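Asks: Following this message is one structure expressed as structure tokens.
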Amino acid sequence: MKDNKIILITGASSDVGSALIRKIACNYTHILAHYNSSRIVVDQLAEELGEKVIPVQADFSSTDSIAAMIEDITSRDLLPDHILHLSARKMQVLQFRKESVESFESDYQTSVLSIVQILKAFMPNMAKQKYGKVVFMLTANVVGNPAKFQSAYTTNKYALLGLMKSLAVEYADKGVTVNGLSPDMIETRFLSELPTQIVEQGALGSALGRNLTVEDVVPTIEYLLSDATDSMSGANIVLTGGAK
């Protein structure tokens, strides 16, 4: 157990990110709340919870922007010992033949290479202090057969799953746990670019008879970030109501 914990949350302005911050705020001395363009959401969290919420901006499509965020965090001596990676492009439904190579590359940079750059900057300190937790938001698409027409999204999540598994093995003896969770469709702004019919089909196809809510997911993230998982690493918790 460690006092004075610092967490970096990528995509903190998302519905899941903001709900989680409100839930776990008392567990941290500082919360580095990353956003790209939704500063107003992060500012509201800071207004509610006080100075412990520190907005940090970066455009994850730019390695220079990520490097500037890392430098900002480092210069303040706020090296995180917990990192939660939520950032991802809004879910879309698009046939593979219509996906451009450039779109694949852009999504891979935003979802995968961004967190690689961040972890390379901060995981050495976690290993040095023999304490750290990394959590990846994955997807039920990496469990069994994925949904149709989500090739880029699914590919990136499989890449993150591989990264999660590899880091869990590499850091197993360094006091750093690396885990993930794979939820079914969650009713958030993340679905705003999907046709209504697709969202409704997701609910009908769920074992729960509905799509997940933020309240369904936040407790699992809180658990993965807690000291209760000190002996668990490389795990991917599936949140599908038992469907997969």
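The values are calculated or read from the model by the stated rules, or taken from the named source; none is laboratory data. Worth saying up front: this structure is predicted, and the values here are computed from it rather than measured. All Cβ positions, glycine included, derive from the backbone under ideal geometry; neighbour counts span all protein chains shown. Just so you know, the surface numbers come from the protein's heavy atoms only, side chains and all, with ligands and any DNA or RNA stripped out. Shrake-Rupley method; radii C 1.70, N 1.55, O 1.52, S 1.80 Å.
Asks: Excluding Met126 itself, what net charge comes from residues whose Cβ is under 9 Å from its Cβ, given Lys and Arg +1 and Asp and Glu -1?
Replies: +3
Asks: Further, regarding this structure: Just need the Rg to Rh number for the stretch 91-151, please, alpha carbons only, Kirkwood Rh.
Replies: Here the Rg-to-Rh quotient is 1.11.
Asks: With the contact rule set at Cα under 8 Å and sequence spacing of 6 or more, what percent relative contact order holds for the chain?
Replies: Averaging sequence separation for qualifying contacts and normalising by length gives 19 percent for the chain.
Asks: Looking only at Gly175, Gly209, Gly11, which one moves most when the chain is put into a Gaussian network model with springs between Cα atoms under 10 Å?
Replies: In the Gaussian network model the winner is Gly209.
Asks: Quick check: at a probe of 1.4 Å, how many percent of the accessible area of the chain sits on carbon and sulfur atoms?
Replies: Whole-percent figure for carbon plus sulfur exposure: 53.
Asks: If you average 1/r across every pair of different Cα atoms in the stretch 1-98 and take the reciprocal, what Kirkwood value do you get, in Å?
Replies: After inverting the mean inverse Cα-Cα distance, the result is 14.1 Å.
Asks: In degrees from 0 to 90, rounded to the nearest 10, what is the angle of the helix 63-75 Cα long axis to the longest principal axis of the chain?
Replies: Roughly 30 degrees, rounded to the nearest 10.
Asks: Skip the ligands, DNA and RNA, and give the accessible area per residue of the chain with a 1.4 Å probe, whole Å².
Replies: Counting only protein heavy atoms, the per-residue value for the chain is 46 Å².
Asks: Translational diffusion coefficient of the stretch 63-173 at 25 °C, 0.890 mPa s, Stokes-Einstein with Kirkwood Rh over Cα pairs, in µm²/s as a whole number.
Replies: 160
Asks: Can I ask one more? What three numbers, in Å, describe the spread of the alpha carbons of the stretch 119-159 along their principal axes, ordered from the longest?
Replies: Result for the stretch 119-159: principal-axis Cα extents of 43, 16, 10 Å.
Asks: Considering only the other residues whose Cβ falls under 14 Å of the Cβ of Phe136, what net charge follows from Lys and Arg at +1 and Asp and Glu at -1?
Replies: +3
Asks: Explain nothing, just compute: Karplus ³J(HN,Hα) = 6.51 cos²θ - 1.76 cosθ + 1.60, θ = phi - 60°, for every residue of the stretch 9-16 in order, whole Hz, x for Gly and Pro.
Replies: 10, 7, x, 5, 7, 6, 4, 5
Asks: Under a 10 Å cutoff between Cα atoms, tell me which one of Ser166, Ser114, Ser182 has the largest fluctuation in the Gaussian network model of the chain.
Replies: Ser166
Asks: Let me ask something additional. So what are the three principal axis dimensions of the chain from its Cα atoms, in whole Å, longest to shortest?
Replies: Taking max minus min along each principal axis of the Cα atoms, the chain gives 47, 36, 35 Å.
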